[in-house]
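Every number here is computed from the coordinates shown, using simple stated rules; none is lab data. Quick caveat: nothing in here was measured; it's all calculated off a predicted structure. Positions of Cβ are generated from backbone atoms using ideal geometry, with glycine treated the same way; all protein chains shown enter the neighbour counts.
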Amino acid sequence: MHWIDAVANELVKRGGRQVIASGISISGHVHIGHSNDVFIADAVRRAVGELGLEAESVWCADDYDPMRRIPWPLNEGELAERYKQYLGFPYANIPSPDPNYRDFVDYFSRPFIESLKHFGIEVRIHSGAKAYRDGRMADLIKRSLENSETIRSILNQYRDKPLPDNWLPVDVVCENCGRISTTRAISWHGDFVSYRCEGADYVAGCGHEGEADYTSGGAKLTWRVEWPARWKLLGVTCEPFGKDHAVRGGSYDTGKLIARKVFDYEAPYPIPYEWVSMKGKKLSSSKGVVFTLKQWLEIAEPEILRYFIFRSKPMKAKVFDPGLPLLDLIDEYDLVERAYYDKTDEAGKREEQQRRIYELSQVGRVSETPIRRISYRFAAVLAQVTNDEEKIIKVLISRGMLVNPGELEIKLALRRLELARNWVMNYAPEHLRFKILEQVPAEILAALTPKQKQALGQLADDLAGREFTPVELHNHVYAVAEMTGQKPNELFQAIYRVLLGRDSGPRVGNFISALDREFVVSRFREASL
RNA sequence: GGGCCCGUAGCGCAGUCUGGUUAGCGUACCGGCCUUUUAAGCCGGCAGUCGAGGGUUCGAAUCCCUCCGGGCCCGCCA
């Protein structure tokens, strides 16, 4: 059984309406590592729904957290200077670097939120900042303040250095300098917390002393308390989270205790997961090691990312590489897809699992008509040769990559062409990239041997005379090489040189048949003179 | 100090939760197909003491214990 279903079963056993939460700090661009969170939460929602229980998934923006570090790309040049003043501010109170976005949070989170629908994710968006400002957290804050002593002792169980006696579980926004990470709460009464702006290790405080109204956003709960408070507020029954929270004595452990003792709430069913790294480097929004959902959609179908997440167990480390290894991932997906539609009599344990992974990878429902895709690798070649859609379809059909294609198949093929085109431009290794020469440099023409020239001329005549299929054409190159008394190798080189200016390239048959015939004929003729 | 993940064919991995016929897949490699294939296709083949040791069991890659090696996280904040 797939782990998503195992979780769903457990939730169904517990019964009741299910709320699966996910969320992250808006510390920069939201990347595909963060997507783990939402993707898992939403998949559980879907699986629970399939079992007939009401379920909802929520994505929480932790947008009232302080900015500890200026995230990429705001940490470069003039912007860095401008944003330095906001260190320690709650994200929600920082302006956007771009006038097209409302604020800092909008700037970093909107592209992510807008991408979600393309991946089939249906979540409710919850803003932490808004909850604080609207007073929806007020009761929970009050309860936390009343139970400060209990909370402190729970946290101290896992701390080397105990929290001070007068510690309070709130972080106050300084009304003078606007920072939240610099203040220390001193005491509280009614709806107010008094504080002093003392500073943090990465930014100085302003020394201001005052009182903040926590019922309207003047203060937030400290993370380890905020989390269980949010479970209570939203009625969370299940939540995936990064392995950092999952360590013994980590925020899940303390949250569980706080939830029970302070909020009279049972902690949600936990789903710890590993992070995603990119070429071995941990994804980091603040450091700019990012790969966003938007970037993903430019080079691969959304199903592939879902597959990437659901194919392995949540605690397995996932390594993403948008270069050549991406193609292996896509091939693997294509294979699973093909197997899904190839009906087999006996479905073993493994097949069963693969089928389920495929289903979970789908953006919507599984297509009833079998899906056939063209090879991404070939698309990467074809995309560099032409962008004439009609021609592309013709080539694909002539090569047998599309057989009596329906509308859907053509649409998928053209989309993949587009994705592959973007991939080649931005992520492909140099040796897979080529460009048709607009003109052949004189030195290339001069370096051609008489035999090569003769062969190219012959090819030009033959191509002008009749239509060749890719295979025929490839064979014909050999024939011409023999006819002109040279090794095939020499002719291949000549062909690549006059077309690409290089010694090698894509398979000649495919390659040339993808090109405009007139163009090839005139190019070969020119070279033969 | 505590916790997690990984170690299976040259390389990348699945299978481990729920133990059970000759341990799979991709890739690389080798060979074949079309008299010939620089990055297409199809077919076939090679290759593994399942990190090591011990235990449980009729039976262990799978469960338990110990150890070795690699990686990550927490012990500030999130």
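Computed quantities for the displayed model
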item	result
At most 16 other Cβ within 10 Å, DSSP loop - GluC sites (Glu not before Pro), the stretch A:449-488	A:GLU467
The stretch A:442-528: relative contact order as a whole-number percent, Cα under 8 Å and 6+ apart	45
Spin-label pair A:LEU437/A:ARG68, simplified geometry with 7 Å Cα→Cβ offset, distance in nm	5.6
Rounded Å value of the spacing that divides the Cα centres of the stretch A:363-428 and the stretch A:241-265	48
On Cα atoms only, tilt of A:470-483 relative to the major axis of chain A in degrees	40
Amide H within-cut-off set for A:GLN18, under 5 Å, with H built and near neighbours excluded	A:GLU54, A:ALA55, A:GLU56
Cα gyration tensor, the stretch A:442-528 - rounded (a/c under 1.5), prolate or oblate	rounded
Pairs beyond 23 Å (Cα-Cα), from A:LYS391/A:LYS435; A:LYS232/A:LYS287; A:LYS13/A:LYS243; A:LYS13/A:LYS232	A:LYS232/A:LYS287; A:LYS13/A:LYS243
The stretch A:302-407: trypsin sites (Lys or Arg not before Pro) in DSSP loop, at most 16 other beta carbons within 10 Å	A:LYS316, A:LYS343, A:ARG365
Nearest-0.05 FRET efficiency for A:GLU76 and A:LYS130, computed from C-beta distance (R0 30 Å)	0.50
Relative contact order computed over the stretch A:376-432 (Cα-Cα under 8 Å; 6+ residues apart), in percent	53
Gyration tensor verdict on the stretch A:395-494 (Cα atoms; rounded if a/c is under 1.5, prolate if a/b is larger than b/c, oblate otherwise)	oblate
In order through the stretch A:163-171: 3J(HN,Hα) via Karplus (6.51 cos²θ - 1.76 cosθ + 1.60), integer Hz, x for Gly, Pro	6, x, 4, 8, 4, 10, x, 10, 10
Highest average packing first - A:63-69, A:29-35, A:80-86, Cβ atoms within 10 Å	A:29-35, A:63-69, A:80-86
Sequence-separation-based contact order of the stretch A:28-117, relative, with Cα cut under 8 Å and 6+ spacing, percent	25
0 to 90° range, to nearest 10: angle between helix A:407-426 axis and chain A longest Cα axis	80
Shape metrics for chain A, restricted to C-alpha atoms - Rg then Dmax, Å	30.0, 98
Estimated distance in nm for a label pair at A:GLU390 and A:ASP342, the labels positioned 7 Å out from Cα along Cα-to-Cβ	3.6
